[in-house]
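The values are calculated or read from the model by the stated rules, or taken from the named source; none is laboratory data. All of these numbers come straight from a predicted model, not from anything done at the bench. We place every Cβ from the backbone using ideal geometry, glycine too, and count neighbours over all the protein chains shown. Remember, those area values only see protein heavy atoms, side chains included, never the ligands or the DNA or RNA. Shrake-Rupley method; radii C 1.70, N 1.55, O 1.52, S 1.80 Å.
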Amino acid sequence: MPDSDKTKYKERAVCLSKWSFWLTVTAWIVAAVFIILLGARDNAAVFQKRVSEEYMIVEDDICQEIPDADAPAGIRKEYTFTLDETIAADTTLAFYTVHQYVEVWLDGELVFRLMPPDDHRMSKTVGSNWVMIPICREDAGKTVRAEITPVYASFRDREIDFLIGSALAIYKDRLSKDLPQLILGMMAVFVGVVYICVSGYHMYKKRRGKNFLALGMFSVMMGFWRLTDTRFTPFILMEKPVFLFYVSVLMLVLGMVPFMKWIEGYFDRRHRWILDCYCICAVSFSLIQLMLQFLHVFDLRETLFVSHILIVIGGILAISIVINERVKYREKSRIPLGSRLPYICLAGVIADVAAFYIKGNSSGLVYSLLAFLLYIVFLGIATMNNYSSKELQLAEQERQLAEKNRELAEKERELTERRIASMMSQIRSHFIFNVLTTISGYCKIDPKKADNALIRFSRYLRKNIRIIEEEGLIDFDVELEQLEDYIALEQLRFEDRIRFEKEIGTTSFQLPPLTIQPIVENAIKHGLIGAGRSGTICLHTKRTTNCVEITVTDDGIGFVPEQCGSEESVGIRNVRYRLENMVGGSLSIKSTFGEGTKVMIKIPVEEEKN
């Protein structure tokens, strides 16, 4: 693939990744606003006339299905049964409803109602609830009539189990059944919060941590999904059943996006592009679902099958990419273990989705959460260990660098000058080799150009030797003459592929010899010619209040500074070192991939007096 096509492909991939990121952020913000509004304004209206240790299930209840055109699903169910004649003590009538309105009568007297509020409704459901009605001893022998109205057609065949007995016994029984799911959910949230904190620390230190942030967010979302989807959770927030339901659904709807953003780091650029497309599609569908919810067209529960389809597609897509990379890299050792573990996650997801449609509810489904938790913990520990190792290496490098700086500060100027002379020798030999190679090439194809190049080079070399022998600072005018000779030699070699422009605002300052040439040489070698491009190099100087600024810019290929910080050329390191030690100056580099590079040198000078 030509370099220009590669560049365009990389630019498209970066653009696509940014789109998927910002679209995901938008979806999370919309979901957060929805949940906040829902929790503050939209709760079930509960009428409770009576306020209250084994329990029993009512076996002799009679169920009758009654068509009702005004009901959301077109029907309502009426359950009737008679309380035991011998109620020894105050007890509780309890039953669990899922997306169902409830009205309960005792001998024709309304004692409980669960309906959506009439104002400020964003949803027609009342969520999943435990109906807990205190029963007194004087209620013995009374007839209980419960009208259950399903909100969605998919819940019209859902049966109700009526429990009579101790409220505490019901709490304990439900807790024992949901405890595994609760523990796994809390573990996932805790692990996710730890990962988010670790990621935040690394990003604060300007190290890699964005992918780890995605893993932490995925873990937190999966944890909240399972915590809010148990039958025990409504006992904790009895007044917020709708809020709990939508938290659970939204965590599931948006959960696959951070998971995909995490695993894409294990694959090559082409597959990352595919995963970014999936994330954009998934988030777009989620936004459409939320919009339909806001507009009262469809509730999220009614479009949940779309999220299930997307989850399955995402799992199949991840596994397909793993298989593709396994074929591409025949050696298993070359395939990261993290890219093979999605097999476990996909198996858990398929098991839970299948169980959901078989059972009709997701209560007690822990296969996917267990698989994801194992995946998250394993990869998280491996990543944290990797981060820790790198952090220790960086700390050791920083310690060694600090020690070296202290040693350098203690040495006399004579040692500094010797180091500078040695560095200058390295730069000089490198430049001589390139120029002689150029002249040698011209001798074969164009002797006249070779002669011109040799004349320019000999003139440059005489000045260069004279400058180096002085072993001190030189005037900028001298440095500029040397630079122009150097660029002229390079232009002879590459003809019109290199253009040089200058805007000199000040020349009344000194700098270390051969300060600007290595920067220009680097721009030509890596930014322009080495990248197969033509372009312009611009030199600007200006004086500020307390320093002189020298700027060298090019419109070459550029690079990503975070990825190339440890690969700075010897010439640039030497320039930086000489600036810091000879004039107390500084050198900074800013580069944008595909646009070019800007190098700025600042040399302190005394403030000009009027």
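Before we move on, is Ile236 open to solvent by 20 Å² or more (accessible area, probe 1.4 Å), over 29 Å from the mean Cα position of the chain (by Cα) and of a type in the set (A, V, I, L, M)? So Ile236 fits the description; yes.
Remark: Lys542 falls outside the filter, which requires a residue to be modelled with pLDDT of 85 or more, within 27 Å of Arg462 (Cβ to Cβ), of a type in the set (D, E, K, R) and more than 40 Å from the chain's Cα centre (by Cα). Considered as a group, the residues in region 560-610 that are in a loop (DSSP other than H, G, I, E, B) and open to solvent by 60 Å² or more (accessible area, probe 1.4 Å) include one that is modelled with the lowest pLDDT, and that residue is Asn610. Can you tell me which condition Arg231 does not meet? The list is (1) more than 26 Å from Pro180 (Cα to Cα); (2) of a type in the set (D, E, K, R); (3) modelled with pLDDT of 85 or more, and all the others hold. So the condition that Arg231 fails would be (1).
Give me the helices (runs of 4 or more DSSP H) completely within region 434-552, filtered to those with at least 2 residues that are under 17 Å from Ile601 (Cβ atoms) and open to solvent by less than 40 Å² (accessible area, probe 1.4 Å), ordered by residue number. Walk me through it before giving the result.
Working: elements: 447-470, 476-494, 517-522.
Correct list: 476-494, 517-522.
If you go through region 113-124 and keep only what is at pLDDT 85 or above and either open to solvent by less than 10 Å² (accessible area, probe 1.4 Å) or among the basic types (Lys, Arg) (or both), you end up with Arg113, Leu114. Restricting attention to region 194-206, the residues that are more than 14 Å from the chain's Cα centre (by Cα) and under 15 Å from Phe218 (Cα atoms) total 1.
Evaluating Ile516 against the criteria (1) closer than 27 Å to Leu401 by Cα; (2) modelled with pLDDT under 85; (3) not aromatic (Phe, Trp, Tyr) leaves one unmet condition, (2).
Please state which one of Tyr171, Tyr204, Tyr195 is exposed (fewer than 14 other Cβ atoms within 10 Å of the Cβ) and either out of contact with any Cys (no Cβ under 8 Å at 6 or more places or on another chain) or farther than 30 Å from Val111 by Cβ (or both).
On the way: Tyr171 fails: exposed (fewer than 14 other Cβ atoms within 10 Å of the Cβ); Tyr195 fails: exposed (fewer than 14 other Cβ atoms within 10 Å of the Cβ).
Going through Tyr171, Tyr204, Tyr195 in turn, just one is exposed (fewer than 14 other Cβ atoms within 10 Å of the Cβ) and either out of contact with any Cys (no Cβ under 8 Å at 6 or more places or on another chain) or farther than 30 Å from Val111 by Cβ (or both): Tyr204.
Within region 53-79, how many residues turn out to be under 12 Å from Arg145 (Cβ atoms), of a type outside the set (A, V, I, L, M, F, W, C) and loosely packed, with under 12 Cβ neighbours inside 10 Å? Total satisfying the criteria: 1. Given the condition open to solvent by 20 Å² or more (accessible area, probe 1.4 Å) and farther than 14 Å from Glu147 by Cα, answer yes or no: does some residue in region 97-111 qualify? So far as region 97-111 goes, no, none of its residues is open to solvent by 20 Å² or more (accessible area, probe 1.4 Å) and farther than 14 Å from Glu147 by Cα. Restricting to region 267-307, give me the number of residues that are closer than 16 Å to Ala214 by Cα, open to solvent by 40 Å² or more (accessible area, probe 1.4 Å) and more than 14 Å from the chain's Cα centre (by Cα). Within region 267-307, residues that are closer than 16 Å to Ala214 by Cα, open to solvent by 40 Å² or more (accessible area, probe 1.4 Å) and more than 14 Å from the chain's Cα centre (by Cα) number 0.
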